[in-house]
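The values are calculated or read from the model by the stated rules, or taken from the named source; none is laboratory data. For clarity, every value in this text was computed on a predicted model and none was experimentally measured. Please note: Cβ atoms are built from the backbone with ideal geometry, for glycine as well, and neighbour counts cover all protein chains shown. These area figures cover heavy atoms from the full protein model, side chains too; ligands, DNA and RNA do not enter into them. Shrake-Rupley method; radii C 1.70, N 1.55, O 1.52, S 1.80 Å.
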Amino acid sequence: MASTTHAQGHANDHAHHAHDDHHHGAPAGFMRWLTSTNHKDIGTLYLWFSFVMFIAGGIMALLIRAELFTPGLQVIEPELFNQLTTLHGLVMIFGAIMPAFVGFANWQIPMMIGAPDMAFARMNNLSFMLLLPAAVLLMSSFFVPGGAAAAGWTFYPPLSVQGGMGTDMMIFAVHIMGASSIMGSINIITTILNMRAPGMTLMKLPMFCWTWLITAFLLIASMPVLAGAVTMLLTDRHFGTSFFNAAGGGDPVMFQHIFWFFGHPEVYIIALPAFGVVSQVIPAFSRKPLFGYASMVYATASIAILSFIVWAHHMFTSGIPAAGQLFFMYATMLIAVPTGVKVFNWLATMWDGAISFETPMLFCLGFLFLFTMGGFTGLVLALTPVDIPLHDTYYVVAHFHYVMVAGALFSAFAGIYYWFPKWTGKMYSEKLGKIHFWWSLIGFNITFFPQHFLGMAGMPRRIPDYALQFTEWNAVSTVGAFMFGTAQIFFLFVILHGLKNGSQASAKPWDGAEGLEWTLPSPAPYHSFETPPTIK
Amino acid sequence: MSRLKLAPPVGLAGFAGLAGLVMMNSAHADWMLNFRKPVTDMAQMQYDLHVAIMWVITVIFIAVFGVMFYSLFKHTKASGRKPATFSDSHTVEIIWTVIPFFILLAMAFPATKAVLANKDTSNADMTIKVTGYQWKWGYDYIHDGFGFLSQLKTPITEIKNEQAKNPDYLLEVDNPMVVPAGKKVRLLITAADVIHAWYMPTFGVQQDATPGFINDAWFQVDKPGRYTGQCAKICGKEHAFMPIVVDVKSPEDYAKWVKEQKAKYAAKDGKEGKEPVVAAAATSASAAAFPVKLYFASGKTELPADAEKSLAAAVDALKADAKAKLDLSGYVDATGNADQNAELAKNRAKAVREALKKAGIAEDRLNMKKPEVITASADASKEARRVEINLSK
Amino acid sequence: MSSAHAPGTTPAYFIPEPSKWPLICALALGFMGFGAVGIMNELPVMTYSLYIGFAILLYLFFGWFGQVIGESEGKLYSKKVDTSFRWSMSWFIFSEVMFFAAFFGALGYARLHSVPELAGLDQKSLWPDFAGLWPSKGPYITEMFTPMGAWGIPAINTALLLASGVTLTIAHHGLIAGHRKQLTTWLLATVVLGAIFMACQIYEYSHAYSEMNLKLTSGIYGSTFFMLTGFHGFHVTVGAIMLTVMWFRSLKGHFDAKHHFAFEAAAWYWHFVDVVWLLLFVLVYIL
Ligand code: HEA
Ligand code: HEA
Ligand code: CUA
Ligand SMILES: [Cu+2]
């Protein structure tokens, strides 16, 4: 496993002659980015793209929250509200979180396994480039007649069949993003399976690579199903088919089954790479090897497999029979077991270590605490009888922001701070990083904790206006959202400040860090390992 | 740990700002922290199950994070200790796999019981058919032969903040569903256009209303009173504005109410009363509901193929009420040549008028309206090809 | 990396130079996406966007694949790269399996659940006269149609595809044994069989529309029938194009007994399409 890997020398000499051969450098200027076949450049592109989308999705969230500050319609009309909710969900999931972790995969996987680059460097860039037309389709749909898709990010028919051309733009965007994800995943799987340095057996892979290997499998298995769903939606909309129309013998609920067959694995696609990052950072700042490596691998795999048989927990109120409700309830509850194993392993990693609290570690601790809360509310929702009064309320909104924002997003922040010195050669300001953490932590909880109360009191989601009994907590939530939002602008400042004013980082700025990437100088050379290191 | 000191100032600032803003905002403080009080056994069961699982996760949470915080305070680098090197222990790994499993197993029992109870719609005392429309509810009292629509009553001025909001803001309807106390009421739930969900939190009922399918649900409320809920499934722009209000009356009051309703519907000839409203996914207009919409092929003024059915609904309505008049309005979108568009819309409306005249409606009962321009709607290109028939006010 | 090795030798792992192709591909799909949206929403001008996108895509195929073929023939792909290709093609085919699974799932759901359910007791008050038998156009569509039988063209098509699998294997053996004539002849035969298959399919569709009144709009039967067979037909077309390219390359003397993964990838794909057809034949036509 990671703690026993040692690079055998080559890395450093390569770093030297990397600079005197011009072919090894990047083409100058803008073309460097547009035509890149370098995993680090492409990783950077992914990360910046993801940040831009995060801001876009965040602005939508703030508009939503602004409208919900008090009862009544004041900021936006209901049509636009629904469009914002829909696009907020889509943009955050497909535009912000997923690309962020693909960015990590690009940067880290070749460095962690001792490979020169990704297996298919050109296709790697294609995976990124395809995100651009998809993003343009999504964002420009606000400006077409009828506006953007407005049936929620889950776009259930028949409502999505009613939608205007914005819905078609969303459908094609999903197609294109699906192609991007599939190619990206094929690339990652191939890289991990075929490009490991000699001696890097699978059971020595860094945990982050393991989680991505399994995530890539989930993506390849679930993305095409989503593509199938949107294709049928498209033909129902324009070519008179009846897949989701009872009048022709179809069923709107069939869409839900197909969507969630994709949708549930999708949430683990978001969560697993986050787990991977946390599994790298916690050992580094506990100065102790990751506890229970093998069981971590098995737990990750079990989560992935189980994730294909729990989908109907999103459909407990759709009218599925009792037997279905029971099966999916049991299966869903079961996922708590392997996830619990992961949580306990992280705790055991910290136990008896020598812990320090740099920013990446703080974000991981925030992750651990809040993700577990989100997992617990997931478990509450998994109990069918409890889900019935909570389904499609703000309780669900609270649940998934705990697992996705405090879970996935926080771990992405942890990863960015952790590898920032490796990527840029500069140290960020520890003080500013910590301010970002506390500011985010508090803002996050003010935003989303009250939403549990709203949900329990019966406030449905996806509404622009609400009854008076929901007033107070909505106001609190909105205040928190703006607080959390400004914290993210501050994050941008921390990063830019680090790039500009950061001190020179050493090859291994974290004394507890393990892994091949830390054997390379900071910033990492343009090509990582031209001759593979040997792993003992 | 000294670095954690940054937290208080940031936190304090946040809370101070928060408190101030919220004070300004709230006229009527609720600060609800829990479910609303259950009024059915089913809701009570859900409530109890929630309490049970909350205890379980609270205990686990405290245990797990007790360990974590202990570690964070004791096992720090700042304390100058040397980290341990262990990285494996099969015993504890097995323990923390097996124990959660059994905890979950224990939770599964009461949950299973509640699932089965929830699905048991047998032996109902009465049945009401519930139909979701964009954006109102239809209630058909199948055995009593009448039905009605139930729509938001809150005035638009309150929604637009031009007038103070009344305490029932957004939770008030013109015709609430009425049921007798102490009786098991079975609901047959469906929809006419898109998916809605009939959600009554205090009853413990949430059931999607899926067009073309009937799902059932049930409840039994023992205490008379007025209860509220909302449509819970996103269903278009007025999803927030289709509340559910259920009046639970004592059996005597209920019987009186039924009698009144029957009389009312008998007087109205009551085509819509005798037959429950049929929800057909494929028709855009239902017999009970204005506006009737006719969608034309693009550029064409010929009546669409399904026009007959929709027109019949309009004709029926006119025949039922000798005083009623209809407004015909054509719609256009804002793209292309405005004059041509308007001409097209007018001709379409004319085609509809001719068809209605043919069906025996006097011309003076049909008002032609100015074409209306659509700028943004859920489906502009389709919606802009319609002629709408409304009852004149 | 790419230039670090001596000319004429194979690098340990080929890393391509910066490339414009991904950008161009994104451009093509962007144009096509907007074009398709426009056409479906009655904005005929957008047709041009689709054409432009398509033109760019064609240019891309020739340019990018040409470059890859050049690299392959230039012996830039080591054994390890070859292994990468094998992994990636396998996973790609797996993704296609899942794509088809969505449509097969829809068929299964309709036949086993939604159609019988719509005819069930619970739904009687909505659809009193619906019998719920397969093939079904659903309870509300009135236009009649004739379902597609299995033992006419579809059976012939099955034979064609099965035969093409055999001819392709013969071609492959020819390649391995160094019998170039065997390779090119039987490969051509495979492509021709594929083309006949497509011709039959097109005939079947036009027959369905003109004589049997079986259309996309014929309820769930028409929907699943055309979606599954159409999506499959699209894959046959793509596979046939791939094989045609392989045929031209064989004529040019590309590939040798050890080094011919492009050929194998196309063959894998073809066999996959074949297997999907067998499933289709059973589930769509026979049952
Ligand atoms: C990162 C994404 C992510 C993750 C990881 C999860 C994790 C889980 N989710 Fe969540 N979920 C979403 C994202 C995610 N979810 C989203 C986006 C939606 C809404 C979609 C929409 O409708 O828009 C949703 C909705 C959703 C629903 C449907 C709610 C509804 O619409 O009515 C349900 C119901 O079962 C559910 C359950 C769970 C469960 C049981 C887990 C489990 O995996 C959690 C397991 C973790 C733990 C339990 C904590 C740690 C464990 C221990 C410490 C061990 C000991 C514990 C015990 C024995 C109790 N989720
Ligand atoms: C990983 C994904 C992700 C992320 C990161 C977020 C982030 C946030 N989300 Fe959301 N959210 C979803 C995924 C995500 N969300 C999904 C899937 C849905 C369901 C959609 C559906 O129902 O279909 C949803 C729905 C959803 C709702 C329910 C909407 C409804 O039902 O109508 C709300 C409401 O509060 C909300 C809020 C927020 C907020 C405040 C943030 C914040 O964390 C955002 C913070 C970021 C910023 C704010 C941007 C940065 C700052 C600026 C742009 C500068 C300007 C700032 C100031 C002036 C202060 N989200
Ligand atoms: Cu009806 Cu939401
Ligand atoms: Cu799920």
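Residue by residue, here is whether (1) more than 16 Å from ligand 3 (Cβ to nearest atom); (2) over 24 Å from A:Ala354 (Cα atoms); (3) among the charged types (D, E, K, R) holds:
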position: B:Met68; (1), (2), (3): yes, no, no
position: B:Lys74; (1), (2), (3): yes, no, yes
position: B:Asp88; (1), (2), (3): yes, no, yes
position: B:Glu93; (1), (2), (3): yes, no, yes
position: B:Ile103; (1), (2), (3): yes, yes, no
note = How many residues of the range A:190-230 are open to solvent by 10 Å² or more (accessible area, probe 1.4 Å) and in a helix (DSSP H, G or I)? The answer is 10
key: Selection count where residues are at pLDDT 95 or above, open to solvent by 30 Å² or more (accessible area, probe 1.4 Å) and not in a helix (DSSP H, G or I), scope the range A:450-505   = 1
Scope the range A:301-324; condition within 11 Å of ligand 1 (Cβ to nearest atom) and facing chain B (nearest Cβ under 8 Å); matching residues = A:Thr317, A:Ser318
key: Residue satisfying condition, being surrounded by 19 or more Cβ atoms within 10 Å (Cβ to Cβ), among the polar types (S, T, N, Q) and part of a helix (DSSP H, G or I), within set C:Ser84, C:Ser136, C:Ser90   = C:Ser84
inquiry  = Every residue in the range B:80-116 that is open to solvent by less than 80 Å² (accessible area, probe 1.4 Å) and not in a helix (DSSP H, G or I), please.
reply    = B:Gly80, B:Arg81, B:Pro83, B:Ala84, B:Phe86, B:Ser87, B:Ser89
key: Candidates C:Leu287, C:Leu214 - the one that is open to solvent by 40 Å² or more (accessible area, probe 1.4 Å), over 27 Å from C:Val81 (Cα atoms) and modelled with pLDDT under 95   = C:Leu287
note = A careful count of residues in the range A:440-465 that are more than 10 Å from ligand 2 (Cβ to nearest atom) and within 7 Å of chain B (Cβ to nearest Cβ) gives 7
ask   = Is it the case that some residue within the range B:170-190 is without any contact (Cβ under 8 Å) to a residue 12 or more places away in the chain, closer than 25 Å to B:Arg36 by Cα and open to solvent by 10 Å² or more (accessible area, probe 1.4 Å)?
value = no
remark   = Scanning the range B:244-269 residue by residue, the ones that are exposed (fewer than 15 other Cβ atoms within 10 Å of the Cβ) and among the charged types (D, E, K, R) total 7
request  = Confirm whether A:Val479 is of a type in the set (Val, Ile, Thr) and more than 13 Å from chain B (Cβ to nearest Cβ).
outcome  = no
remark   = Residues in the range B:197-224 that are closer than 21 Å to B:Gln46 by Cβ and either within 16 Å of ligand 4 (Cβ to nearest atom) or not aliphatic (A, V, I, L, M) (or both) total 16
message = When the residues of the range A:135-157 are narrowed to those that are surrounded by fewer than 24 Cβ atoms within 10 Å (Cβ to Cβ) and out of contact with any Leu (no Cβ under 9 Å at 6 or more places or on another chain), which ends up nearest to A:Ser50 (Cα to Cα)?
response = A:Ala135
query = Could you give every pair whose Cβ atoms fall below 7 Å, whose first residue belongs to the range A:56-78 and is away from ligand 4 (no atom under 16 Å from the Cβ), and whose second residue is of a type in the set (Ser, Thr, Tyr) and part of a loop (DSSP other than H, G, I, E, B), counting only separations of at least 6 or pairs across chains?
reply = A:Pro71/A:Tyr466; A:Pro71/B:Tyr169
key: Complete set of residues in the range B:225-244 that are assigned to a loop (DSSP other than H, G, I, E, B) and either within 7 Å of chain A (Cβ to nearest Cβ) or within 16 Å of ligand 4 (Cβ to nearest atom) (or both)   = B:Ala232, B:Lys233, B:Ile234, B:Cys235, B:Gly236, B:Lys237, B:Glu238
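Could you pull out every one of the helices (runs of 4 or more DSSP H) wholly within the range A:292-365 that has 1 or more residues that are within 20 Å of the chain's Cα centre (by Cα) and among the polar types (S, T, N, Q)?
Passing ranges, in order: A:293-306, A:336-350.
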inquiry  = I want to confirm something. Restricting to the range B:62-77 and keeping residues that are open to solvent by 40 Å² or more (accessible area, probe 1.4 Å) and within 7 Å of chain A (Cβ to nearest Cβ), which single residue is farthest from A:Gly374 (Cα to Cα)?
reply    = B:Lys77
task = Hey, could you check the range A:250-276 for residues that are without any contact (Cβ under 8 Å) to a residue 60 or more places away in the chain and more than 14 Å from chain C (Cβ to nearest Cβ) and say which is nearest to A:Trp346 (Cα to Cα)?
result = A:Tyr268
Residue pairs meeting the criteria (Cβ under 8 Å; at least 6 apart or on separate chains; first of a type in the set (D, E, K, R), in the range C:143-162; second assigned to a loop (DSSP other than H, G, I, E, B)) = C:Glu143/C:Lys137; C:Glu143/C:Asn213; C:Glu143/C:Thr217; C:Glu143/C:Ser218
Options C:Leu27, C:Leu43; residue that is at negative phi, in contact (Cβ under 8 Å) with a residue 24 or more places away in the chain, at the interface with chain A (Cβ under 9 Å from one of its Cβ atoms) and surrounded by fewer than 21 Cβ atoms within 10 Å (Cβ to Cβ) = C:Leu27
ask   = Taking B:Pro167, is it out of contact with any Phe, Trp or Tyr (no Cβ under 7 Å at 6 or more places or on another chain), loosely packed, with under 13 Cβ neighbours inside 10 Å and under 30 Å from B:Val258 (Cβ atoms)?
value = yes
task = May I ask you to verify whether A:Phe448 is within 16 Å of ligand 1 (Cβ to nearest atom), among the aromatic types (Phe, Trp, Tyr) and in contact (Cβ under 8 Å) with a residue 12 or more places away in the chain?
result = yes
query = For B:Asp193, are the conditions met, namely being surrounded by fewer than 22 Cβ atoms within 10 Å (Cβ to Cβ), away from ligand 1 (no atom under 16 Å from the Cβ) and either outside any strand (DSSP E or B) or at positive phi (or both)?
reply = no
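Taking the condition open to solvent by 50 Å² or more (accessible area, probe 1.4 Å) and farther than 30 Å from C:Ser84 by Cβ, does C:Thr237 pass?
no
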task = Return the residue satisfying two criteria in turn: it lies in the range B:204-243 and is within 15 Å of ligand 3 (Cβ to nearest atom) and of a type in the set (Asp, Glu), and of such residues it is most open to solvent (accessible area, probe 1.4 Å).
result = B:Glu238
ask   = Tally time: how many residues in the range B:157-209 are within 16 Å of ligand 2 (Cβ to nearest atom), touching a His at 6+ places or on another chain (Cβ under 9 Å) and of a type in the set (A, V, I, L, M)?
value = 1
ask   = Scanning for something over 30 Å from A:Ile535 (Cβ atoms), among the aromatic types (Phe, Trp, Tyr) and within 16 Å of ligand 3 (Cβ to nearest atom), does the range A:82-104 turn up at least one residue?
value = no
